[in-house]
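Down below is the structure, laid out as structure tokens.
Quick note: the coordinates plus some simple rules give every number you see, no bench work behind them. Values in this document were obtained by computation on a predicted structure and should not be read as measured data. Cβ coordinates were reconstructed from backbone atoms using ideal geometry, including for glycine residues, and neighbour counts include every protein chain displayed.
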Amino acid sequence: MQEHLDQGCGSCQKMLKTWAAMVEFARRELFYEPPAIAIRNAESYFVSLGLTLKEKADVRILRHVFDNLGLGALQGIRGAGTAPRQLMYNSSSFFIDLRVEQKPGSDWIGLAGQVVDARSTDGALEEIPVSLFSKGDKGLETATNQFGEFNFSFKAIGHLRVLLSMKKFALLLMLPEDLVGKSTS
């Protein structure tokens, strides 16, 4: 085989280079460590998929599109407490608006949210089951009111996810790790 390659067969040399690259890739793969955030996101996806798979196989991960901490307008301003955090997520025509507020002097957090479907005006966002969970533990559950609003009050923990179980699919959003104050995860 080596003699054949030494004679200059172009197609066989090309194939040898391809396989040599595959072997090198496999060697490097042994040492690859995915980023921690990627692992957390994957775990959250599969946990939420397990929570909804009995009824729906379509879980849509919402994209984080706004965070008032990124504005920088409140930095350096003195005040008695911390300002509420506003977050916005979306997936196709669905928008989730969240307001997160830490109760002063405690590790309790209030989370109020509203789901909006830009394509719907018929009030179909009422009674949507909403779950708040962390690292696979199904924590709190509630349902939206006639305006698509929901709220939770809970002790601060890390790796929080919100799952909205729509009729034909589910919406999943991942809350930032630096949600409020110091992380107590």
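Quick notes on this one:
- The stretch 85-137, relative contact order [Cα under 8 Å, separation at least 6], %: 26 percent
- Relative exposure of MET15, MET88, judged by other C-beta atoms within 10 Å (fewest first): MET15, MET88
- Nitroxide proxy distance, nm - points 7 Å out along Cα→Cβ at MET22 and LYS167: 4.9 nm
- Each label point was placed 7 Å from the Cα along the Cα-to-Cβ direction; for ASP58 and ASP178 their separation is 3.6 nm.
- If you take all other residues with their beta carbon under 11 Å from the beta carbon of ALA143, and give Lys and Arg +1 and Asp and Glu -1, the sum is -4.
- Ordering ASP6, ASP178 from the fewest to the most neighbouring beta carbons within 10 Å gives ASP6, ASP178.
- GLU29 versus LYS103: modelled label distance in nm, points set 7 Å from Cα along the beta carbon direction: 5.1 nm
- In summary, the aspartates and glutamates within cross-link reach of LYS167, defined as a Cα separation below 13 angstrom excluding same-chain residues under 8 places away, comprise GLU55, ASP58, GLU126, GLU127.
- Under 5 Å between amide hydrogens, built in the peptide plane, is the criterion, and for ILE61 it picks out LEU172 among residues at least 5 positions away or on other chains.
- Taking other Cβ atoms within 10 Å as a rough exposure proxy, MET166, MET1 sort from fewest to most as MET1, MET166.
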